[in-house]
Amino acid sequence: MRTRLGVWATLAALVATAPALAQPGATPRPPSHAGAQPAHPEGLDCIACHVDKHRGVQRLYAGTGGRGVTPAPDRMFQVGVQCTACHTVAHSPEGARDIVGQNFRVAEPACLKCHGERYRGLIQRWRTGLTAMRETVAANAAAARAALDAAGGGAKKAQAARRLDDADHNLRLITLANGVHNVFYAANVLARADAWLGEAASTLGTTLPRKDATLVRGGYCGPLCHEAVGLKPKDTVTFRGRPLPHVRHATELGATCTTCHSADAHKKLIATPATCSACHHSPQNDRCESCHRDQTAFYRGTLKTALTPVAPNVMAAAVACTSCHDFGKPKPGAAIAETCAACHEPAYLPLLTEWTKGAEADAKATAGALAAAERAVAAAQRAGRRTTEAEARVKEARDALALVRAGGVAHNPLAAFTLLGRAREAADDAKARATRP
């Protein structure tokens with residue numbers, strides 16, 4: 001501990017290196033060190049002792065300071081909004097202002113002045129949301145720290161310690177600099193911190209406490225902003241030409257906003273087919289039937305066709321999708337035949353190949369018969385002949401072929417080969433009807 005003499009000695013050294021105090025009528029000496037800050041009007045170089053306490057706040061507002069995240073300045077920073085535009089209410093005691101200066105705190109009327117009533121309550125929502133996120137991350141940090149303290153030495157502990165240090169830095173930045181100064185960057189910084197804590201725990205051979213962490217997993221856009229200003233997500237959107245149940249992904253299937261949208265660029269879509277596969281084809285996902293409805297209907301025999309009743313696969317009542325499809329393996333398609341042998345005799349191994357190759361030949365023959373029937377119907381129509389019955393048969397053949405292709409032969413081989421056979425019969429019948437005089 002420093003003695004009182006030591007403290008005074010330190011202050012004396014600082015004073016000795018600072019510009020001399022100005023006397024009435026005297027001209028202050030310029031700073032003696034090159035590149036120094038301009039001297040205070042009274043001759044004091046305050047920075048010699050005092051560090052700017054707003055530096056972290058300024059960095060946060062400018063979208064920097066966090067580790068492991070892309071810099072992202074607050075939108076108001078980008079358009080030049082100064083601190084005093086939001087900090088409008090005098091905060092320092094009245095009797096002290098003329099001596100120590102004035103501090104100002106944020107008041108909601110400053111938000112409403114520019115943004116209107118639609119934004120009432122938004123800043124409090126930010127505070128509440130970020131507080132919840134910080135509490136989640138802090139709890140996980142404490143759990144990770146306890147695991148680190150209990151671990152032995154070695155490279156894994158050092159690696160976990162680095163991750164924990166990075167997470168601690170991000171947590172301190174948002175806590176001390178007040179994440180409201182750049183709310184979405186702050187949320188992203190906390191999410192990155194939480195991910196690092198998960199990595200640290202995994203490295204140490206443990207897991208963090210399970211809790212509802214939707215916000216720190218990236219689901220903060222709605223609670224922090226969109227819901228408050230009345231923006232509702234579309235129930236269904238189109239992704240790569242296919243309809244996607246947007247709301248259902250966020251409310252039922254565990255996806256968060258940043259699963260598909262950029263955390264750094266507002267509204268930017270970053271999802272790719274690989275993003276979908278990472279969830280839908282993960283070993284943990286056993287809800288295949290919610291998306292693969294054509295295959296499910298074919299497997300379970302629930303689809304309807306005019307040509308023939310479709311009976312369920314004999315395994316439908318006992319075998320789930322993931323019993324055959326293991327997307328945890330590098331080549332899930334090639335691994336399906338191996339799963340057959342787990343329940344059946346080795347003689348069943350060639351069956352999958354026979355089904356797929358045989359079906360390819362059958363489907364090709366059916367497509368050829370259908371094309372011939374369509375040509376015959378078109379020729380009859382050009383000749384002015386009536387083709388109503390032939391057209392109906394062509395539609396039956398076309399629908400049956402489409403059902404087999406969509407459902408997948410291997411999901412119900414007996415039904416597939418039966419349907420393809422009936423489709424060829426319907427196509428041949430249509431051709432015969434169309435060519436009759």
Whichever residue in the stretch 199-234 is out of contact with any Ser or Thr (no Cβ under 8 Å at 6 or more places or on another chain) and within 15 Å of Ala138 (Cβ to Cβ) and, among such residues, is modelled with the lowest pLDDT
Pro209
A careful count of residues in the stretch 211-231 that are among the small types (Gly, Ala, Ser), buried (at least 20 other Cβ atoms within 10 Å of the Cβ) and not in a loop (DSSP other than H, G, I, E, B) gives 0
Can you find a residue that is over 29 Å from Arg217 (Cα atoms), outside any helix (DSSP H, G or I), hydrophobic (A, V, I, L, M, F, W, C) and touching a helix residue (DSSP H, G or I) at 6+ places or on another chain (Cβ under 6 Å) anywhere in the stretch 143-153?
no
Flag for Gly25 being surrounded by fewer than 12 Cβ atoms within 10 Å (Cβ to Cβ), at pLDDT below 85 and not assigned by TED's automatic domain parsing to the domain that holds Gly179
yes
Among residues of the stretch 285-308, those that are of a type outside the set (Ser, Thr, Tyr), modelled with pLDDT of 85 or more and more than 16 Å from Ala402 (Cβ to Cβ), counted
2
Hits in the stretch 179-210 (condition: of a type in the set (D, E, K, R), within 24 Å of His249 (Cβ to Cβ) and either within 18 Å of the chain's Cα centre (by Cα) or surrounded by 19 or more Cβ atoms within 10 Å (Cβ to Cβ) (or both)):
Arg192, Asp194
Of the residues in the stretch 101-116, how many are out of contact with any helix residue (DSSP H, G or I) (no Cβ under 8 Å at 6 or more places or on another chain) and either of a type in the set (A, V, I, L, M) or not in a helix (DSSP H, G or I) (or both)?
6
Mind checking which residues of the stretch 403-419 are under 17 Å from Ala317 (Cβ atoms) and not in a helix (DSSP H, G or I)?
Asn412
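The values are calculated or read from the model by the stated rules, or taken from the named source; none is laboratory data. All of these numbers come straight from a predicted model, not from anything done at the bench. Virtual Cβ from ideal backbone geometry, glycine too; neighbours counted across all protein chains shown.
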